[in-house]
Amino acid sequence: MESFLQRGRRVLNDFRFALRQLRKSPAFAVTAIVTLALGIGVNTAIFSLVDSILLRPLPFPQQDRLMRIGYGTVVAESDASFFPKGWIRVLGEHSASFSSISGFGADAESNVTGGGTAERVFGAQVTVNTFDSLGIHPALGRFFTPDDAVKGHDLETVLSYGYWRQRFGQDSSVIGQSIRIDGVSRQIVGVMPPGVRFPYADTQFVTPVAFKGGDPIDPWSNFDLRAFGRLTDGVTPGQAQAEIRRLHGLLLPMFPWRMPDQWASEMSVIPLLDSLVGDVRGRLLLLLAAVGLVLLIACANVANLMLARAAAREREIAIRGALGASGWRLVRQLLSESVLIGVLAGVAGLMAASFSLRLMAKMLPADTPRLSNLGLHWHAFLFAAAVSVFTGLIFGLVPAVRMASPELQGTLGAGSRGVVSKSSHFRAATLLVIGQIALSVVVITAAGLILHSLLSLSRVNPGFRTDRIVTAEVSLDATACLGPQPTSVADARIAGRCLAFFNTLLDRLRAIPGTENVALTDSPPLSGPDNNYIYDAEGHPRDARQEASMATGRIVSPDYFATIGVSLTRGHLLTAQDASGASRAAVINQHMAEHLWPHQNPLGKHINNVKDEQTPGVWHPNQPSASIVVGVVGNAHEGSLAAAIADEVYLPMDPANDQPVMYVLLRTQTDTAQAADALRRVVADIDPQVPVTRVRTLNEVVAASASAPRVLAILLLGFGVVAVVIGAVGVYSLIAYIVSWRTREIGIRLALGAPRWKIVREIVLRSVALAAGGSALGLAAAAVSTRLLHSFLFGISPIDPLTFVSAPALMILLAIAAAWIPGRRAASIDPMEALRNE
């Protein structure tokens, strides 16, 4: 025990001595701590981001047993693997690999009314066994029961904990009360436990998926559920995937009609957490790699500072060695100083990380998965502590080992430095600076590629006008379009109840002063997922074993094309007469016309929407769902600026396409903010219970569509700037260090008549040589590593010549600038003063 206490006292004394040494050199201490704090801070911030999104467990017991089920590779919440509820039910009944299989619907907004104005709230449908699959219990009330899965007994809802707290003030008497969701009165039966956000981060309530008793078509008619399940104990994901693929041939004939043989034939099973984070994983790992390089650059820089400081303390260390201090004792003393710098930098880095996280929370796209988890959790504090100590050891090890065994007699006997300083003094420092420059080149090359890619993306012509256009979502209740007792969706929409509201809205909006054009659509450009239009086309026969073709379908009012400036290339646009539905008119884009009918006139051709057909593949042009192509318009990037032009079908606002939710596109000659206020007033005058949401300009919509690559570019650019600054400081420090050691030599050369400009040139050229060597290594590393960026780039190659030339050119320019001050200082040395000081 006494020995342990003695060792503890010695370590404590070492740190006290290190603190006194740092106090004696405040400039060195501040420079080293700030440099390292930058590296630790950005690493802790990005680690916290990775921890919050990728590493933190889901709030479900045995989360590693929860699996997503989809076709192909399920990669994200937006994955298009949708199943009918009947498929999910029978798959769960036949599978032995899953203890239960459940389904959940799309993330959808609903009008929630009662106790005030209507609000727009996100909700989702779930199968009644969903919460059993998740393995959770309600915070209040109960979850759904099998009885709730029968039509007519499904008028119930379960609230999220956050929504219960926000809307009902955590009132426990809410159980049994009713709330109107999209015009339907539903009884609140339960509240989810705190921290549970399922199936989506913004879900505030769920309702049960229900079946119509005795209807053989109902379980199979709508492909609107995603599937997940809980593995049976002892079963691996690979075994479960093999089983459900074997079950495909058994289950496919259960459809009431012939399905394509390849539909869902390659079902996959992956962890639920992996499906939630999706393609965000790649971006986060890229950022983590970038900040890791920044930390290495910072460590190399501080190691150089420590080398210079240790060299200045050579005589002190030699004297201590001569007085009996062992090599290990000297190493421990020097490492104590470096670890103390690392710990102090870690504290400063944590503060920087906290600030950075708040900034990133505002910058990141709102649809970033698990963004609500973002924060400095205890994992981040452990990470920062470990990195602080580890980096302190790493950057202190080289100077400590180098200086712990000096040539004592030579050092003590030297009254002055030699005429020409030995290159061994600078070899380690030179290698560290070259390494810094190489790593800096890798970081700024990656940042340059992403920035160049973003610039290429911003130059894409969307194919439509965006200036002076205000967009807004106007939402009626989901049941507003249906008749009082509809026998089918088609019959229910014949009256065009929603259509009448939106036509009135169009008339009122046209009367707003300054309105140039106004239109409605069910899916505005670049606003997110588009509506799939699954179709057969005239001249392209198929049988029921094959998949139908797919395009993007938009329901639009006649002025849609004039409002956003999409030009007509052939035929005519949709007209007011098409709103009756009798004409069965459709407009397609040029891409679809060339794809389906090359070298033919597409006008008069038929396309048939087969999404709801029970006998797909049986084609004839007189089917009620078949549309006639009356016009062709120019191509537009309405889905994504980064995606290739897709087939587009524009359908008229007619009773068959009656929709409860439409988006206004209003082009104004006045201020867009005033136009937005006027739009809200018009809707409130027609019906104050109709919410108006997502009010913004079309320019803002376009900007938001590129938010993910923009944030990635900004963060990488910021890390690149930090890397470049630290690299430039490293070059400056080394050159200044060399000049200080060569003061006597330079003085002698000047005394012998050497021109001062040659002194400056020599020092600058040495700096350029460092930058060139480091840049060559960095470019070689970047040429290999940037190939991993291929999926993040748009319109450029991972070996983009402009970026690969610009990165080393920038480092060489910075090296020249960094060497200029020491060079000028060396050239201004007074030879006699230099010799006198020596």
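The values are calculated or read from the model by the stated rules, or taken from the named source; none is laboratory data. The model shown is predicted, which means the values in this text are computed figures rather than measured ones. Don't worry about glycine lacking a Cβ; one is built from the backbone with ideal geometry, like all the others, and counts go over all protein chains shown. Side chains are part of the model used for accessible areas, which takes the heavy atoms of the whole protein and leaves out ligands, DNA and RNA. Shrake-Rupley method; radii C 1.70, N 1.55, O 1.52, S 1.80 Å.
At most 14 other Cβ atoms within 10 Å and a DSSP loop assignment: could you name the trypsin sites (Lys or Arg not before Pro) in region 520-590 that fit?
Hits after loop and neighbour filter: ARG545.
Can you pull the three principal axis extents for the Cα set of region 151-285, in Å, largest first?
Each principal axis gives a Cα extent; for region 151-285 these are 50, 49, 30 Å.
When only the heavy atoms of the protein chains count and the probe is 1.4 Å, how do HIS591, HIS599 rank by accessible area, highest first? Provide the component values of the computation, followed by the final result.
Working: HIS591 65, HIS599 195 Å².
Descending accessible area places them as HIS599, HIS591.
Provide TYR535, TYR161 ordered by accessible surface of protein heavy atoms (probe 1.4 Å), highest first.
TYR161, TYR535
If you count, for each residue, the other Cβ atoms within 10 Å and average over each peptide, how do 31-44, 795-808, 343-356 line up from highest to lowest?
By packing density, highest mean first, the sequence is 31-44, 343-356, 795-808.
Given the whole protein assembly as supplied and a 1.4 Å probe, what does the accessible area of PHE122 come to in Å², nearest 10?
Probe radius 1.4 Å; accessible area of PHE122 about 50 Å².
Dipole magnitude of region 553-705 about its Cα centre, charges +1 at Lys/Arg Cβ and -1 at Asp/Glu Cβ only, in debye to the nearest 20?
My answer is approximately 160 debye.
Can you work out ³J(HN,Hα) from phi for every residue in region 779-794, in order, using Karplus 6.51 cos²θ - 1.76 cosθ + 1.60 and θ = phi - 60°, giving whole Hz and x for Gly and Pro?
In residue order, the calculated couplings are 5, 4, 5, 5, 4, 7, 6, 6, 5, 6, 8, 3, 6, 9, 9, 9 Hz.
How do 101-107, 235-241, 691-697 rank on mean C-beta neighbours within 10 Å, highest first? Walk me through the intermediate numbers first.
Working: 101-107: 22.1, 235-241: 15.6, 691-697: 17.1.
Top of the packing list down: 101-107, 691-697, 235-241.
Would you kindly find the accessible area of SER791, with a 1.4 Å probe and non-protein molecules such as ligands, DNA and RNA excluded, rounding to the nearest 10 Å²?
That residue has around 100 Å² of solvent-accessible surface.
Counting only the heavy atoms of the protein chains, how much of HIS94 is accessible to a 1.4 Å probe, in Å² to the nearest 10?
Its accessible surface works out to 80 Å², give or take rounding.
Could I have the simple spin-label model distance between ARG180 and ASN532, label points 7 Å from Cα toward Cβ, reported in nm to one decimal?
3.5
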